[in-house]
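Q: Okay, handing you the structure first.
Each reported figure results from applying straightforward, stated rules to the coordinates on display, with no laboratory input. The model shown is predicted, which means the values in this text are computed figures rather than measured ones. Cβ placement follows ideal geometry from the backbone for every residue including glycine, while neighbour counts extend to all protein chains displayed.
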Amino acid sequence: MKKRESGFTLIELLIVIAIIGILAAIAIPNLLNAVQRGKQKRTMSDMRTLATAIEAYAVDNNLYPPASCPTGTWAASNTPVVLGSTSSFSLLSPTYVAQPPTKDGWQNFFYYTVDAAAGQHYALASGGRNFVLDGLNCGTTTNFNDDIYYSDGTFLQWPEGAQN
């Protein structure tokens, strides 16, 4: 009697590898898209957290915290300052927020500005995936490279819907 050998044939292995390749080709782009959406949502959440602390500071002090550059100079009106130092928003910590977020979901620094004259308006911005402030268009965006703007308690430009 001939003993039958056990194992997979070459054709069976090739079919399994082809199925795994097809599934990976479908799943990986969706996974990468989900990761970018997560970074956008994290950025929006951090902007809300920072804005809540800024608003609480303003309630106590009747003006928003100044936008100081890492060198200690003050930002001119409508000039965003990159929150690039660990001392950024030192006036908010620890009273209003334990550790103010200074980076967005892509690990780039947020932009912050306050009107220098009266200190009654502020704006936060994230340059998106490409970290370039392309300008404010107001409303929703559909690209991961588009900016996210938050000013005086509301989003002015934010991601919504399918992104590319």
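Q: For a protection proxy built on the mean count of beta-carbon atoms within 10 angstrom, sort 151-157, 122-128, 39-45 highest first, please.
A: 122-128, 39-45, 151-157
Q: Checking a compactness column here: for the stretch 1-58, what do you get for Rg(Cα) / (2.2 N^0.38 Å), N being the number of residues?
A: 2.49
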